[in-house]
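Trainee: Questions regarding the structure given below will be posed in turn.
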Amino acid sequence: MVPPEDSWDVLELGSMGDISASCLDESVLTGHHPEKGITALQMIAIFGITSSDHESRIVQALDLGADPHLKAASWCDHEEQLWKGSGDEKRRTVVDIEYRGKSAIGTTAQLLRDMQDNQDDNDHERWSEDIKKLRRAMSLMCRAPRRSARVSVDCGIVNLWEELRRDADSHDVTLVTAEGDVSAHRAVLVRASPVLGAMLASSMREGRQQRVEIKDTPKQSAVLFLDLLYAGTSTEDLDAQIALAALDLAHRWQAAVVLRMLEWALAAMLSDANFAVIVQAAATKGLEQLGSMCKGFANDSMAVKSKVRAGNFPPAVLNFLHGRKEAGAPAAKKRRTF
């Protein structure tokens, strides 16, 4: 685990991989910079605005427990400026940033207003890309649900569970995927999934052979599911299709802890190109957390808004975005309370 004094440098300058690998101390994500007094999300959302993975870093910080409502320390007097170019261009584009008394949401909102006013007053659009990033950051932070309880775990424990996950000789259950077999420990699977628990304890083929066929699932998705189940992390390169197939497994098997992690992972992957398949998964599976993130993305994306107005999404997606029930959906029962 990286000590707190170094964790802030990782947050400010490190890549997504650095942040994942460093096992940041929880006090960093829920506390204040020892010199500046700002919060972790203020550093990521504002300091990191020039990074190519700005949105993913915010999602990851939220997933790790960073609080978007935490305000800068009362003693914080840190201020800074952002600008474009030099000389006259710098003079025309400079904006001030103040942190004291503001949360990450408040700082982002103030900077958004200042950038927009700067463009309007000086007749330029040099902040347009930064404004898009900040609007998306605001959407993610405002819609972030309260996280479930978390505890700090030494990286050695995570490594131990990853080694157990790879110890095929000790595995006693096989998952038969579309591209080959993957294996795991029965004890882990049955405690995470009541569905798998029932299947593996039954007198049916799954119980007799301790083999579960999931031939509609890519092998990489099954690997991702197991990686998250064992250690809450994965070294696999993945895209939205792989994550969606893993999400389907977690939902089918009622593995709630993996389901939550995959919702956050898919929220970080949202784009104009994959929006329809991700929001459809959220709608059909009743995933409120992912659905909320999708609605936030839709509100910020001009391409998605245009397709919604034109009705160019499947009916299930349009109904979900408009808060309508699909045809044939049962009406809510009327109940009296006493």
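The values are calculated or read from the model by the stated rules, or taken from the named source; none is laboratory data. As the structure is a computational prediction, the values presented were derived from the model and not from experiment. FYI the Cβ positions are ideal-geometry reconstructions off the backbone, even for glycines, and counts take in every protein chain you see. When the accessible area is computed, the model is the full protein with side chains, heavy atoms only, and any ligands, DNA or RNA have been set aside. Shrake-Rupley method; radii C 1.70, N 1.55, O 1.52, S 1.80 Å.
Trainee: Note down the accessible area of Leu321, probe 1.4 Å, to the nearest 10 Å².
Mentor: Near enough 40 Å² of accessible area.
Trainee: Starting from one equal scatterer on each C-alpha and no solvent at all, send me the Debye-based log10 I(q)/I(0) for the chain at q = 0.08 Å⁻¹, two decimals.
Mentor: Debye output, listed in q order: -0.47.
Trainee: Starting from the 7 Å offset along Cα-to-Cβ, what nm value, one decimal, do you get for the label separation of Met204 and Val257?
Mentor: Here the modelled spin labels are 2.5 nm apart.
Trainee: What is the stretch 215-274 by shape, rounded, prolate or oblate, if you read a ≥ b ≥ c off the alpha carbon gyration tensor as root eigenvalues and call it rounded for a/c under 1.5, prolate for a/b larger than b/c, and oblate otherwise?
Mentor: rounded
Trainee: Here is a further query. Give me the compactness ratio for the stretch 152-208, meaning the Cα radius of gyration over 2.2 N^0.38 Å.
Mentor: Against the compact-globule rule of thumb, the ratio is 1.30.
Trainee: Can you work out the accessible area per residue across the stretch 278-319, with the rest of the protein chains kept in place, probe 1.4 Å, in square angstrom?
Mentor: Each residue of the stretch 278-319 exposes 44 Å² on average to a 1.4 Å probe.
Trainee: Using Cα pairs closer than 8 Å and at least 6 residues apart in sequence, work out the relative contact order for the chain, in percent.
Mentor: Relative contact order comes out at 12 percent.
Trainee: Turning to a different aspect of this structure: Quick check: with the 1.4 Å probe, what order do Cys155, Cys142 take by accessible area, largest first?
Mentor: Ranked list, largest accessible area first: Cys142, Cys155.
Trainee: Around Glu80, which amide H atoms from residues at least 5 apart in sequence, or from another chain, sit under 5 Å from its own amide H, with H modelled in the peptide plane?
Mentor: Ile97
Trainee: Each residue of the stretch 180-187 in order: what ³J(HN,Hα) in whole Hz does its phi give by Karplus 6.51 cos²θ - 1.76 cosθ + 1.60, θ = phi - 60°, with x for Gly and Pro?
Mentor: Result, rounded to whole Hz: x, 8, 10, 10, 7, 8, 4, 4.
Trainee: Please list, in chain and number order, the residues 5+ apart from Gly31 or on another chain whose amide H is under 5 Å from its amide H, with Hs placed from the backbone.
Mentor: When sequence neighbours closer than 5 places are left aside, the close amide H contacts are Ala40.
Trainee: Any idea what Rg and Dmax come out to for the stretch 267-318 if you just take the C-alpha atoms, in Å?
Mentor: For the stretch 267-318, the Cα-based Rg and Dmax read 9.9, 26 Å.
Trainee: Which aspartates and glutamates, on any chain, are close to Lys295 with Cα under 13 Å apart, when same-chain ones fewer than 8 places away are left out?
Mentor: Asp272
Trainee: Of Arg143, Arg260, Arg126, which is the most mobile in a GNM of the chain whose springs link Cα atoms less than 10 angstrom apart?
Mentor: Ranking Arg143, Arg260, Arg126 by mean-square fluctuation puts Arg126 first.
Trainee: For the stretch 275-289, what does the Karplus curve 6.51 cos²θ - 1.76 cosθ + 1.60, with θ = phi - 60°, yield as ³J(HN,Hα) per residue in whole Hz, taken in order and with x for Gly and Pro?
Mentor: 4, 4, 6, 6, 5, 5, 5, 4, 5, 6, 9, x, 8, 5, 5
Trainee: Another one. Lys and Arg at +1, Asp and Glu at -1: add these up for the other residues within a Cβ distance under 12 Å of Glu55 and post the number.
Mentor: My count for the surroundings of Glu55 gives +3.
Trainee: Enumerate the calculated ³J(HN,Hα) couplings along the stretch 249-266 in order (Karplus 6.51 cos²θ - 1.76 cosθ + 1.60, θ = phi - 60°), each rounded to whole Hz, writing x wherever the residue is Gly or Pro.
Mentor: Per residue, the Karplus-derived 3J(HN,Hα) values read 4, 4, 6, 4, 9, 6, 8, 4, 5, 6, 4, 4, 5, 6, 4, 5, 4, 5 Hz.
Trainee: At a temperature of 4 °C and a viscosity of 1.567 mPa s, determine how fast the stretch 45-104 diffuses translationally according to Stokes-Einstein, using the Kirkwood radius over alpha-carbon pairs as Rh; express D in µm²/s, rounded to the nearest whole number.
Mentor: Using the Kirkwood radius from Cα pairs, D works out to 96 µm²/s.
Trainee: While we're on this one: From largest accessible area down, sort Val153, Val188; use a 1.4 Å probe on the protein chains.
Mentor: Largest to smallest exposure gives the sequence Val153, Val188.
Trainee: OK, next. For a quick check of understanding: with a 1.4 angstrom probe and all protein chains in place, what accessible area in square angstrom does Asp77 have, to the nearest ten?
Mentor: Its accessible surface works out to 120 Å², give or take rounding.
Trainee: Also, I was wondering about something else. Quote the FRET efficiency, to the nearest 0.05, computed for Asp181 versus Thr235 with a Förster distance R0 of 22 Å and r equal to the Cβ-Cβ distance.
Mentor: E(calc), rounded to 0.05, equals 0.65.
Trainee: Which value results when the Cα radius of gyration for the stretch 92-139 is divided by 2.2 N^0.38 Å?
Mentor: Taking N as the residue count of the stretch 92-139, the ratio is 1.11.
Trainee: Something else about it: Dividing the Cα radius of gyration by the Kirkwood radius, what Rg/Rh value follows for the stretch 100-257?
Mentor: Answer for the stretch 100-257: 1.18.
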